[in-house]
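So the structure is just underneath, and the comments pick up after that.
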Amino acid sequence: MPFDDPAFWRAGAISTTVVMSIVLAMLTIDSLEAIAPGGSHVPPYTVINRHIDYAHNAKLGRDMPTIGQDEPLFGRAVEAPEAAALIERGKLVIQSRACIDCHTFMGNGAYYGPDLTKAWLDPAWEAWAAITGAESREEAMVRFLMAPDQYATWQRRMPNLGISRDEAVATVAYLKWLASIDTNGFPIHFGRIKVSE
Amino acid sequence: MSPVVFLVTSSLLGFMVLAAGAYALLYGAARFRESYALLIAAGFAYAMLALDAAGIVLATPLTPPWKLLIAASALAYFAIPPLTWRALQYAHREEGTHL
Amino acid sequence: MSRSKSLAVKYLAAAVLLFGVMTLAGLASAVYYINPDFLFGFVPFNVAKILHIDTMIIWLLMGFMGAVYWFLPEEFGCEPAGIWAAEILFWVFVAAVLAVAAIFVFVQWGPGTETTLWLFQQGRKYVEAPRWAAIGVALVMLVFAWNVVGTALKARRITGVMAVMSVNMVPLVLLYLIAFPKIDNMAVDLYWWWWLVHLWVEATWEILIGCIMALAMMKLLGTSRRIVEGWLYVEVALVLGTGILGLGHHYFWIGTPDYWLGIGGFFSALEPLPLLGMVVHAVYDAGVHRMKTSNQPAFYWTLAEAFGNFLGGGVFGFMITLPQLNLFAHGTQWTVSHGHFAFWGAYACGVLSVCYIALQEQRRLVTVNGSGWVWAFVLLNGGLIGMVGSLLVAGMAQAFFERAIGGSTLEAFIAGQENPWFMLGMYSRFGFGLMFAAGYLTLAWNLSALGRRQVAAVPQPMPAE
C-alpha cells in the first residue's frame, strides 16, 4: 500500500514544495512589478507634489487613494531625485526610531499607537495645525514630530525621539507618499464616518 | 458588512473550528474507550459544527466562493478524525499498540 | 556526556533564561496599556516591546538549537562536525544578546543614518537588532547548518528525520539574510519582511520543530522510526503545501495586487485541516499510553503543543483569516491574541518538552514526576489562555469600535482604546500575565531542582536505525 510507505509521502512533500515554490516565485515577480514606485499599485515618489485623497470606489467596492491636482509639500515642488532622497531619509528615520514598534504601517507593527498608513490624511491634523500654530498640515506634522512630548495628545504620549527638522520633513514626505499606495481598501472606512460622542 | 454582522460572522467561523476540535477529541476518546455515549457526544459536536456552517452559508454576507469553501471544510472536518484514526491504527499495527 | 549534549544543555538553559526576560518584558509592555505614564521619559513602550518579541525569537531559536545538539550524537553515533566552532559561537551568541539588550535599553535610538542601522537599531519588527549582531546570528545559523549537514557527511549515513532537517537548513540560513537590507519602499520592504517572518519563522521553524518532535516522540513514546518519518513527510507536505502560499494572507493590505486576497484566504483557510488531524493523533497517543510515560512533563507539554497549535493557529486564526473579516481585525489586539496563542502552541510547548527530555537523561532519572511541573504547567497554560482570551475581548472591541464603527482615524483609534471593553481586556491580560509569570518562576525552579535529590539509573537512549 503506497500510503503506508514513507517514500510515498517523501515524494509528495518534495513535489508539493517544489510546485508551491514555483507558483510563489511567479507571483513574486508580478507583485514586485506592481509595487515598484510607478507600478500599478504604488505611485512614484514625486506623488508628494500632488493632492492625495482616499475615497470609496463603487465599481471596485472598496476604498482607494485618489491622486489630484498639484499640491506640493511645503509649497515647493521637488524633482524625482530629490523626492527619492526624501523618501530614503524618511525611511531611515522610521527605522532608526523603531516607529514600527509602537505604530503599525499597513497594519503591521505594534498596536500602542495609531496605524500610520493613512496618517497624512487624518482629519485630526486640522486641529493640530491650530494647536501647533502651524499654517499647513505638513508644518503641523513637522512641529509635532520634533517635540511630541510638548503637546498633550491623550493618555498615551509620544516620547521625544530627538527628530531634527530635516528628519521630520523627510518623515512627513514619507507619510504623504505612503497614503497614496493602493492597499486594497485598508484601513476600512478611513475618515468617512465620525465617531459618535 | 455592518459592525455587528462582522463580529457575529467572525465568531461563527471560530466556533466552527472549535466544534471541529471537540468532535475530533470526542471521536478519538470514543474510539479508544469504545464508548457509545462518547460517540453520541462526538456526533452532537459535529451537529453543532454543521449548524454553525449552515448559519455561515445562509445568513452571513461572505461572498459565494468563501461560503463554498466553508461548506467543503465542514465536510472535510467530518472525514478527518475517522480517516486519521484509521491511518494511525494501520501505521501502528505491528507495534501491538493499536486500539 | 558528549560535548554536543553539554552544549545542548547550555543552549536550553540560556533559552529558559531568555524565556524569563521575554515574560518580564511582556509584563512591562502590558503595564503601559493600563498606566501610560509607566517609565515615560526613561524607557518608551517600543523598547519593552522590542525586548519582548526579540527575546521570544531568540529563546525559541536557542531552544531549537539545544534540542538539535541534544539529539545529533544519538542520530549519527558521533560528535557533530565542527562542534568546537559551535561551542565558541554559543558564548559569542550570549554576549551579543546581552550587548544588544543593553543597547536597546540604554541607547534606544540613533539619528536617521545607515550608521544607526549598523550600530544601534534596524527598526524592523522582530529583526531590530543592529546589523553587527545580525551578522553574528547569521554566523551562528551557518555553523549550526554545518554541524547538522557536516555530521551527516562525516558519519556517511543519514536518517529520514536528519535528511529533512539538513535540507531545511538551506532556507533557514538564506531567509535570515532578509534581516539586513534597508528597503525604502515600504510595500517592497514588507513583501520581503514577510518572507522572513512567515517563511522563516512559520515554515522553516515548523519543519525544524517537526523534526525535533519526531525525535522526541521516538525517545519519549518509543514510536518506531518508520512511523515517525512517515508522519514527518506528511507534515512537511501539509505545512509547505498550505503554508508557502498561505503567506498570501499577509499580502492582503500591503499594496500588493488583489489576487492575494483569494490566494491567501484560500490557503490559510485550509490550515485548520492538518491541525485537526494533529488533535486526533494526540488523543491516540494519550490513549495508547494511558496518559503515562516515564517523563510526564515532557509528555504533557507535547500534548499542550498539539492542542495549543490547534486552538491558537486553527480556531483563533480562522476567525480573522478571510479577507472580508481581516479588513476589520488586521493590526488590532485580535491579531495579538492569535499570535500569542499560535506561537505558544506551535513552538514554546515543544521546546519545554525537550527541556524535560534532556533533563531526564542528564540527571539520570528513571522517571520524571512530582508536583512542581504540574503547577508550572497549569499556571503557564492557564495564564496564557487567560491572556489570549483577554486580548480577544480587547481585539474584538478595537475592531468593532475603531474600524467597523469609527473609521480607523486617530479619533477612532482613541475611541477604541478607551472603550471599557478594551480596557477590561487590558487589565485582565495583565492579571493573567502575572499568573503566567508565576508559572515561569515555578517552571524555572522545577527545571533547576528536578531530581537533584534522586539517585537513579541512566535511561537507555534509543539507538539510531
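The values are calculated or read from the model by the stated rules, or taken from the named source; none is laboratory data. If you're wondering where the values come from, they're calculated on a predicted model, not measured in any experiment. Please note: Cβ atoms are built from the backbone with ideal geometry, for glycine as well, and neighbour counts cover all protein chains shown. For the accessible areas, the whole protein counts, side chains as well, though only heavy atoms, and no ligand, DNA or RNA atoms are used. Shrake-Rupley method; radii C 1.70, N 1.55, O 1.52, S 1.80 Å.
Filter the range A:1-29 down to the residues that are open to solvent by less than 70 Å² (accessible area, probe 1.4 Å), part of a helix (DSSP H, G or I) and of a type outside the set (S, T, N, Q) and list them by number.
Matches in the range A:1-29: A:4, A:6, A:7, A:11, A:12, A:13, A:20, A:23, A:24, A:25, A:27.
Pick out the one residue from A:134, A:140 that is in the same structural domain as residue A:167 (by TED's automatic domain parsing), under 13 Å from residue A:172 (Cβ atoms) and not in a helix (DSSP H, G or I).
Values: A:140 fails: not in a helix (DSSP H, G or I).
Result of the check over A:134, A:140: A:134.
Considering the range B:16-37 alone, what residues qualify as being over 14 Å from residue B:82 (Cβ atoms) and either more than 12 Å from chain C (Cβ to nearest Cβ) or surrounded by fewer than 20 Cβ atoms within 10 Å (Cβ to Cβ) (or both)? Within the range B:16-37, B:22, B:33, B:34, B:35, B:36, B:37 meet the criteria.
Residues of the range C:271-292 that are more than 8 Å from chain B (Cβ to nearest Cβ) and in contact with a Ser or Thr (Cβ under 7 Å, 6 or more places away or on another chain): C:271 alone. Given the criterion hydrophobic (A, V, I, L, M, F, W, C), assigned to a helix (DSSP H, G or I) and either touching a His at 6+ places or on another chain (Cβ under 9 Å) or open to solvent by 30 Å² or more (accessible area, probe 1.4 Å) (or both), identify the matching residue among C:299, C:318. Unique residue meeting the criteria: C:299. Scanning the range C:70-86 for residues that are more than 23 Å from the chain's Cα centre (by Cα) and part of a helix (DSSP H, G or I) gives C:73, C:74, C:75, C:76, C:83, C:84, C:85. Scanning the range A:95-112 for residues that are open to solvent by 10 Å² or more (accessible area, probe 1.4 Å) and facing chain C (nearest Cβ under 8 Å) yields A:99, A:100, A:102, A:111, A:112.
Annotation: residue C:91 fulfils all but one of (1) in contact with a helix residue (DSSP H, G or I) (Cβ under 6 Å, 6 or more places away or on another chain); (2) modelled with pLDDT of 95 or more; the unmet one is (1).
Looking for whichever is surrounded by fewer than 24 Cβ atoms within 10 Å (Cβ to Cβ) and of a type in the set (A, V, I, L, M, F, W, C) here; the options are C:138, C:48. Which one fits? Can you show your working first?
Numbers: C:48 fails: surrounded by fewer than 24 Cβ atoms within 10 Å (Cβ to Cβ).
It is C:138.
Is it the case that the range C:202-210 has a residue that's more than 14 Å from chain B (Cβ to nearest Cβ), open to solvent by 10 Å² or more (accessible area, probe 1.4 Å) and more than 19 Å from residue A:9 (Cβ to Cβ)? Yes, some residue in the range C:202-210 is more than 14 Å from chain B (Cβ to nearest Cβ), open to solvent by 10 Å² or more (accessible area, probe 1.4 Å) and more than 19 Å from residue A:9 (Cβ to Cβ).
Here is a yes/no grid of residues against (1) open to solvent by 10 Å² or more (accessible area, probe 1.4 Å); (2) farther than 14 Å from residue C:317 by Cβ; (3) touching a residue at least 12 places away in the same chain (Cβ under 8 Å):
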| site | (1), (2), (3) |
| --- | --- |
| C:249 | yes, no, yes |
| C:255 | no, yes, yes |
| C:260 | no, yes, yes |
| C:263 | yes, yes, yes |
| C:284 | no, yes, no |
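In the range C:269-282, of all residues being open to solvent by 10 Å² or more (accessible area, probe 1.4 Å) and not hydrophobic (A, V, I, L, M, F, W, C), the one that is nearest to residue B:83 (Cα to Cα) corresponds to C:277.
Looking only at the range C:1-45, filter to residues that are within 10 Å of chain A (Cβ to nearest Cβ) and buried (at least 19 other Cβ atoms within 10 Å of the Cβ); which one of those is nearest to residue C:450 (Cα to Cα)? Restricting to residues being within 10 Å of chain A (Cβ to nearest Cβ) and buried (at least 19 other Cβ atoms within 10 Å of the Cβ), the top hit is C:29.
Within the range B:32-51, residues that are over 22 Å from residue C:291 (Cβ atoms) have Cβ atoms under 9 Å from residues that are β-branched (Val, Ile, Thr) and at pLDDT 95 or above in these pairs: B:49/B:17, counting only partners at least 6 apart in sequence or on another chain.
The set of residues from the range A:137-158 being at the interface with chain C (Cβ under 8 Å from one of its Cβ atoms) and modelled with pLDDT of 95 or more is empty. Of all residue pairs spaced 6 or more apart or on separate chains, those with beta-carbon atoms under 8 Å, a first member in the range C:97-119 that is closer than 15 Å to residue A:170 by Cβ and within 8 Å of another protein chain (Cβ to nearest Cβ) and a second member that is open to solvent by 60 Å² or more (accessible area, probe 1.4 Å) and assigned to a helix (DSSP H, G or I) are C:112/A:89.
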